[in-house]
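Everything below concerns the one structure shown next.
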Amino acid sequence: MKLIDLTIKEFSRELASASPAPGGGSLAALCGALSAALCQMVSNLTLGKKKYADAEDIITDTKLRATTLADQLLKLVDEDTQSYNRVIEAYKLPKDTPATEQLRLDAIQDALKAAADVPFQTLTQSASAMPLIKAVIRHGNPNCITDAGVAAELISTAVRGAAYNVCINLLDIHDEAFVSDLKQSTADILSSVQEDLDHVRRALALAVNLEDPL
């Protein structure tokens, strides 16, 4: 069963079940995919209109990039759940002899690294949506500016949620260099996205006369 093939109602029920997966990691990827889809929507409502002809090339490129990004993030919805399941399977491996115990420990470490890498992919892919959001806010149909604002808030959720899932998997990984590199990269991306998000929120606040943008 692929999560992305479920209806919204079916996905919601699966998410609400007693099973730990799908969980926040898959939902973070879905938030990123929905944000990219909103960028596509704003692009589609801009292209072909004479008043936005000067932005045709920029919006066409934005739409293409958003389409690719949405597809990539949808794949990560299922990959996140699969990576979690591999960690659980590794912990269930036999440990009745020193040899099998070592094999089990190695499998756990490999599975944890993979489980940290998948949300890191969600983090990096979702972060790459921010320039697209800024492009549709600046050059897209202004009637859709709040849709672009929702896209930005979804990216905020996607990157923060993905970062949580990266870091929780790093807690039990013994490879110090791997942990250090991924932590630093995660922190750098979060900082960059927050800067972009602040910019977008200020722009939206001015556009809709919202007094408290942050």
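The values are calculated or read from the model by the stated rules, or taken from the named source; none is laboratory data. Remember, predicted model here, so these are calculated numbers, not experimental data. Cβ: placed from backbone, ideal geometry, glycine included. Neighbour counts: every protein chain shown. Areas reflect the complete protein model, heavy atoms only, side chains present, ligands, DNA and RNA absent. Shrake-Rupley method; radii C 1.70, N 1.55, O 1.52, S 1.80 Å.
Just to be sure I understand, how many residues within segment 98-115 are open to solvent by 60 Å² or more (accessible area, probe 1.4 Å) and more than 17 Å from Ala177 (Cα to Cα)?
Residues flagged as open to solvent by 60 Å² or more (accessible area, probe 1.4 Å) and more than 17 Å from Ala177 (Cα to Cα) within segment 98-115 amount to 5.
Please determine, by comparing only the residues of segment 48-71 that are buried (at least 18 other Cβ atoms within 10 Å of the Cβ) and either of a type in the set (S, T, N, Q) or modelled with pLDDT under 95 (or both), which one is farthest from Pro142 (Cα to Cα).
Thr62
Test Leu3 against the stated conditions and say whether it is under 27 Å from Thr146 (Cβ atoms), of a type outside the set (Phe, Trp, Tyr) and either out of contact with any strand residue (DSSP E or B) (no Cβ under 7 Å at 6 or more places or on another chain) or at pLDDT below 95 (or both). Spell out the reasoning first.
Details: under 27 Å from Thr146 (Cβ atoms): no; of a type outside the set (Phe, Trp, Tyr): yes; either out of contact with any strand residue (DSSP E or B) (no Cβ under 7 Å at 6 or more places or on another chain) or at pLDDT below 95 (or both): yes.
Judged against the criteria, Leu3 is not a match.
Kindly list, by first and then second residue, each pair from a residue in segment 79-95 that is closer than 16 Å to Ala116 by Cβ and among the β-branched types (Val, Ile, Thr) to a residue that is in a loop (DSSP other than H, G, I, E, B) and open to solvent by less than 80 Å² (accessible area, probe 1.4 Å), limited to pairs with Cβ atoms under 7 Å and residues at least 6 apart or on different chains.
Final answer for the pair search is Thr81/Ala21; Thr81/Pro22.
Filter segment 8-47 down to the residues that are open to solvent by 70 Å² or more (accessible area, probe 1.4 Å) and not aliphatic (A, V, I, L, M), then identify the one that is farthest from Ala163 (Cα to Cα).
That would be Asn44.
Specify the residue that is farthest from the chain's Cα centre (by Cα); the eligible residues are those in segment 175-189 that are surrounded by 15 or more Cβ atoms within 10 Å (Cβ to Cβ) and in contact (Cβ under 8 Å) with a residue 40 or more places away in the chain.
Out of the qualifying residues, it is Phe178.
Test Tyr91 against the criterion of being surrounded by fewer than 14 Cβ atoms within 10 Å (Cβ to Cβ), in contact with a helix residue (DSSP H, G or I) (Cβ under 9 Å, 6 or more places away or on another chain) and of a type in the set (Phe, Trp, Tyr), and give yes or no.
Yes; evaluated as a whole, the condition is true for this residue.
Condition first: among the basic types (Lys, Arg), within 20 Å of the chain's Cα centre (by Cα) and more than 27 Å from Gly48 (Cα to Cα). Can you find one or more residues in segment 123-138 that meet it?
Checking segment 123-138: not a single residue is among the basic types (Lys, Arg), within 20 Å of the chain's Cα centre (by Cα) and more than 27 Å from Gly48 (Cα to Cα).
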